[in-house]
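Every number here is computed from the coordinates shown, using simple stated rules; none is lab data. These numbers were taken from a predicted model, which means no experiment stands behind them. Ideal geometry is used to build each Cβ from the backbone, glycine not excepted, and the neighbour counts take in all protein chains shown.
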Amino acid sequence: MTQDELKQKVALAAIHYIKDVSIVGVGTGSTVKHFIDYLGDIKGDIEGAVSSSEVSTAHLKKVGIPVFDLNAVGTLDIYVDGADEVSPHKHLIKGGGAALTREKIIAAASKKFVCIVDESKCVDVLGKFPLPVEVIPMARSYVARELVKLGGQPVWRENCITDNHNAILDVYNFNIIDPIKLEQIINNITGVVTVGLFAMRPADVVLIGKGTEVITL
Ligand code: 5RP
């Protein structure tokens, strides 16, 4: 199976979690793109979705799913999203698609976070994938210097402006042994909007496309 076929397979597996759910939290990325396509097939069973990015919003509308403001709907039963890295503790690195802030907000506001990945995303220790950090544009250089003090090697993702009009620093060289602590430390740097470590609020379920199977973590 190709990587894209694995993404498709886990996206379909996540549809089984959409039972008696009226509004679905929807993430961003190529795996979620498949999920939105499948969600379109069962759109009669749901009222709509809360979206984590302009890209996902456009795709949801294209398949005929109404998109709601999170403020109008309160706590969500379920949030489905991909990830860039997944640890055995269901801690994640996210933000490869620059949607980390809205993704983290929806994850926080959801009762169940179902993460869908192909097996290439599974690691023992997070940190091979450069850690995305969304920053207020005027704080970019200051935050970068603070990240260097923590042992990271930040690189500005040039030509990338987030949906919230901010910048992204991708931080190389972190061997993330204690993800909760690092998440708290980076969150505390002035000018940081969001760090793409999802450890304080990890996934509840991870569906992994591996070979011909879908494994549930
Ligand atoms: C976007 C994300 C995505 O979930 C992550 O980048 C995985 O994407 P893909 O499904 O395309 O591999 O965090 O900000």
Express in whole angstrom the spacing between the alpha-carbon centres of the stretch 9-34 and the stretch 179-217. 18 Å
Within the stretch 112-127, find all residues whose amide N lies under 20 Å from a label point positioned 7 Å from the Cα of Asp4 along Cα-to-beta-carbon. 116-121
Could you check what % of the DSSP bridge pairs in the chain are antiparallel, to the nearest 5? 50 percent
Positive minus negative residues near Pro66 (Lys, Arg vs Asp, Glu; Cβ under 14 Å): 0
Evaluate the charge dipole of the chain about its Cα centre and quote only its size in Debye, nearest 20, assuming +1 on the Cβ of each Lys and Arg and -1 on the Cβ of each Asp and Glu. 340 debye
Cα→Cβ-extended label distance, 7 Å offset, between Tyr38 and Trp156, nm: 4.0 nm
For Glu85, what residues show an amide H to amide H distance below 5 Å, using hydrogens built from the backbone and excluding near sequence neighbours? Ile93
In sequence order, calculated HN-Hα J values of the stretch 140-152 (Karplus, 6.51, -1.76, 1.60; Hz; x Gly/Pro): 3, 6, 4, 4, 4, 5, 5, 5, 5, 4, 7, x, x
Rounded, prolate or oblate (a/c below 1.5 giving rounded, otherwise prolate when a/b exceeds b/c) for the chain by Cα gyration tensor: prolate
Tell me whether the stretch 67-169 comes out rounded, prolate or oblate; compute the Cα gyration tensor, take square roots of the eigenvalues as a ≥ b ≥ c, and use a/c under 1.5 as the rounded threshold. oblate
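Once every DSSP H run of n ≥ 4 in the chain is given -39500 (n - 2.57) and the sum is divided by its residues, what mean residue ellipticity at 222 nm do you get, rounded to the nearest 500 deg cm²/dmol?
On the way: 7 runs with 66 residues, N = 217.
Calculated from helices alone, the mean residue ellipticity at 222 nm is -8500 deg cm²/dmol.
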Output ordering of 21-34, 65-78, 197-210 (per-residue mean of other Cβ within 10 Å, highest first) is 21-34, 197-210, 65-78
Listed here are the pairs Lys94/Lys121; Lys149/Lys181; Lys61/Lys104; which of them are more than 18 Å apart at the Cα? Lys61/Lys104
With unit charges on the beta carbons (Lys and Arg positive, Asp and Glu negative) and the dipole taken about the Cα centre of the chain, which residue among Pro202, Asn159, Ala144 sits farthest to the positive side? Ala144
